[in-house]
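J.: The structure's right below; bear with me while I get my questions together.
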Amino acid sequence: MSKRNLVLGTRGSLLATTQARLVANLLNSSTGLEIRESIIRTEGDDVSTSLTQLARPGVFVTALRAALKAGEVDLIVHSYKDLPSLPEPGIVIAAVPKREDHRDALISRDNLTLLELPAGAKIGTSSPRRAARISHFRPDLELHPIRGNVDSRLAKVARGEFDAAVLAVAGLNRLGYAEKISEYFTLDQLLPAPAQGALAVECRSDDMELIQMLALLEDRHTRVTTTAERAVLVGISATCATAIGALATYSNGILHLVAELSAADADEHERSFASQSEVELLDLSSAQTLGFSVAEQIMKTKLGLRFGSTRG
């Protein structure tokens, strides 16, 4: 086994560094190598700008990838849902470790559920997907953008700036905040973002030694399901402003995928399903094909056709 020193690039938020250290610990346990952490600031860390106003995709990953390509770091760790849907030349997703909880959760100041919140309650979310579905079930609530790391969002709810906020369960679990959850959203209420709860570990595509080492962290079940989910993004040409959720499940050779496109301004939602049998865990081509098939179904709906016309 190589004795090279490895430098891992990560954003500086508590969640990002926690996730990076999870990967570093896994890699250390598998290889015995020591991994040094390098904090990199990204465009997405500027909380003064709404996520939907940031025109370029990958606002949380561009600076990390630049450092990787420049040789300043050897590997980088992302929340997989933050990655642009198209591959990056010169970089490979070398490992997708086992997924955390994929669901979304409500954190409310008085520990109320969505249906228990009073009319006019102020809900914090910067996700078009979450906002569209919350508005569908509770059109009498006020939806407002909320930026910042998990700690700052929780603090804003505790101070009364917001009555509640919607966050990913995975991040809350990784930071030890599960006890703060007021309600877990069901899949009927809110499908997660594609690959939500999963991590993506990237390195340079010509670093074959590191690619071999990172393969030890791979969870095949997570890779095949997230591949199907993210294919939906490609199939509909999604942007960071697209209200799209997707979740794939795999059992006994059957890969099942459900996705939903929403239009918050019109309270329209189109959900599509498909399954593929006899899928091997290494069969990422079938997973992509399934994702493209579900995307095609969605794009043939009235909402999908209208969405497609806005994509040019």
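J.: Can you tell me which residues in region 260-289 are at pLDDT 95 or above, out of contact with any Phe, Trp or Tyr (no Cβ under 8 Å at 6 or more places or on another chain) and within 23 Å of residue 186 (Cα to Cα)?
T.: Result: 260, 262, 268, 269, 270, 271, 272, 273, 274, 275.
J.: Okay, moving on. Would you say residue 211 is crowded, with 18+ Cβ neighbours inside 10 Å, more than 17 Å from residue 285 (Cβ to Cβ), more than 15 Å from the chain's Cα centre (by Cα) and modelled with pLDDT of 95 or more? Break it down stepwise before answering.
T.: Working: crowded, with 18+ Cβ neighbours inside 10 Å: no; more than 17 Å from residue 285 (Cβ to Cβ): yes; more than 15 Å from the chain's Cα centre (by Cα): yes; modelled with pLDDT of 95 or more: yes.
Spelling it out, it is not the case that residue 211 is crowded, with 18+ Cβ neighbours inside 10 Å, more than 17 Å from residue 285 (Cβ to Cβ), more than 15 Å from the chain's Cα centre (by Cα) and modelled with pLDDT of 95 or more.
J.: Residue by residue through region 238-250, note down the ones that are at pLDDT below 95 and farther than 18 Å from residue 126 by Cα.
T.: Once the filter is applied, which keeps residues that are at pLDDT below 95 and farther than 18 Å from residue 126 by Cα, region 238-250 yields nothing.
J.: Could you tell me how many of the residues in region 246-266 are surrounded by fewer than 15 Cβ atoms within 10 Å (Cβ to Cβ) and of a type outside the set (S, T, N, Q)?
T.: 4
J.: Residues that are surrounded by fewer than 15 Cβ atoms within 10 Å (Cβ to Cβ), at least 2 per element: which strands (runs of 3 or more DSSP E) completely within region 119-195 meet that?
T.: 142-144
The values are calculated or read from the model by the stated rules, or taken from the named source; none is laboratory data. These numbers come from a predicted model, not from an experiment. All Cβ positions, glycine included, derive from the backbone under ideal geometry; neighbour counts span all protein chains shown.
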